[in-house]
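Notes to accompany the following structure.
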Amino acid sequence: MPIALITGITGQDGSYLAELLLDKGYQVFGMVRRASTFNDSRIKHLLDRVTLLDADLLDQLSLIQALRQSQATEVYNLAAMSFVGTSFQQPVATGEYTGLSVTRMLEAIRLADMPIRFYQASTSEMFGKVQAVPQDEQTPFYPRSPYGVAKLYGHWMTTNFRESYGMYACSGILFNHESPRRGVEFVTRKISLAVARIALGLQSTLTLGNLEARRDWGFAGDYVDAMWRMLQQDQPEDYVIATGETHSVREFVEAAFAVAGIADWERYVTTDTKLLRPAEVDRLIGDATKARRELDWAPKVTFKDLVAMMVTSDLQHVEREAAGAREGAAAPAPSAPAAHVAPE
């Protein structure tokens, strides 16, 4: 039986990946950093099927112990400080958790001296100020945020360990991928949740930053399948994973309101320059030709279907919370999404 260790298992990607691997017959371990509060909402339905191990990306000994406890044959390193906006406010912490932590895990695998295949979650944010459109595996990197810089460090360290020690280590350069499980700190979920609340009369406006920012948005469930396929190849290589389509925040907003049956979306949307990034990335659009050819991978969920999936889920979510609040006078109303994060 193959054994997988997932860092960041409680996140969006981690939860979808755990489901995928369990369906494929894997024994799944998840690495979690214990704190005073522990959010297991995305994997609550999986807790009786996965084993959680206490470890910290800043503590190398705990990483080695997690590898030994799990006896993992595959490690998926998904954990990171992943909010681009916040990375400008906490650049040092972002460097520790998103960059240096990759080296700690790679070194833990090397020291464990076990036949482990390693996946590193790289990102389209490494392209930043794009040097070519669309972007593929040969496009030069030019990150425009502390998050992008930290991810690029982890990306190159993965390459370095692969080439220096012969490790099976590869990176997936994933473009934006969303789902109903996306955190409200991200612009797509901020939009879908706000639209649901506006449709149900619980919120009056949606405040955003740059409506013209364009991204290549796909479905997280499709993208974790690509992660798994990368670790099944004979040789480790890096792959761009993307839809090959680009859409603006404005298009996402318009599509989201349409799902909720609201045509005049402009009357509900305002912009705030405080939500703009200090340095915006350019036109991010990925060329996943290599993944299509070598991994036999292609996205299944379209942009419109993704938006509909997220808004429909949030309409149900807000309706449940509102019903609960009505039943118990002391129950709090659903909270509005955070309003300080620009597009990922």
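The values are calculated or read from the model by the stated rules, or taken from the named source; none is laboratory data. The structure presented is a predicted model; accordingly, all values stated were derived computationally and were not measured. Every residue, glycine as well, gets a Cβ built from its backbone with ideal geometry; the counts of neighbours run over all protein chains shown. Heads up: the accessible areas ignore ligands, DNA and RNA and are worked out on the full protein's heavy atoms, side chains in. Shrake-Rupley method; radii C 1.70, N 1.55, O 1.52, S 1.80 Å.
Close amide H contacts of Ala169 (hydrogens built in the peptide plane, cut-off under 5 Å, sequence separation of 5 or more or a different chain): Phe118.
In this rough spin-label picture, where each label sits 7 Å from Cα along the Cβ direction, the Gln138-Ser204 distance is 5.6 nm.
Average the reciprocal distances over every distinct pair of alpha-carbons in the chain, invert the result, and give the Kirkwood radius in Å. Mind dumping the intermediate values first?
On the way: mean 1/r = 0.0484 Å⁻¹.
This gives a value of 20.7 Å.
Counting only the backbone N, which residues of the stretch 182-203 are under 12 Å from the spot 7 Å out from the Cα of Ala325 toward its beta-carbon? Once the point is set 7 Å along Cα→Cβ of Ala325, 197-198, 200-203 turn out to lie under 12 Å by backbone N, inside the stretch 182-203.
Distance between the 7 Å Cα→Cβ label points at Met114 and Gln90: 2.9 nm. Ranking Arg215, Arg49, Arg320 by solvent-accessible area of protein heavy atoms (1.4 Å probe, all protein chains present), from largest to smallest, gives Arg320, Arg49, Arg215. Remark: for residue pairs Lys151/Lys190; Lys24/Lys44; Lys44/Lys151; Lys129/Lys290, the C-alpha separation exceeds 26 Å in Lys44/Lys151. Each listed q (0.11, 0.16, 0.17 Å⁻¹) maps to a log10 I(q)/I(0) for the stretch 13-138, found by the Debye formula over equal Cα scatterers with no solvent: -0.45, -0.92, -1.02. The value of relative contact order for the stretch 121-179, using C-alpha pairs under 8 Å at least six residues apart, is 41 percent. The H on the amide N of Thr207, modeled in the peptide plane, is under 5 Å from the matching H of Thr270, each at least 5 residues off or on a different chain.
Taking 8 Å as the Cα distance limit and 6 or more residues as the minimum spacing, I'd like the relative contact order of the chain as a percentage.
Working: 700 pairs, mean separation 63.2, N = 344.
Reported as a whole number, the value is 18 percent.
Of the solvent-accessible surface of the chain, computed with a 1.4 Å probe over protein heavy atoms with every protein chain present, carbon and sulfur atoms account for 49 percent. To the nearest 10, the accessible area of Arg181 is 60 Å² with a 1.4 Å probe.
Computed from backbone phi, the HN-Hα couplings of the stretch 171-177 come to 10, x, 8, 8, 7, 3, 9 Hz, rounded to whole numbers (Karplus: 6.51 cos²θ - 1.76 cosθ + 1.60, θ = phi - 60°; Gly and Pro given as x).
Legend: residues Lys300, Lys24, Lys151, sorted from most to least accessible area (1.4 Å probe; ligands, DNA and RNA excluded), read Lys300, Lys24, Lys151. Loop-located GluC sites (Glu not before Pro) in the stretch 103-191 (DSSP state other than H, G, I, E, B) with a sparse environment of at most 16 neighbouring Cβ atoms within 10 Å: Glu137.
Taking the empirical scaling 2.2 N^0.38 Å for compact globular proteins as reference, the stretch 99-181 has a Cα radius of gyration ratio of 1.16.
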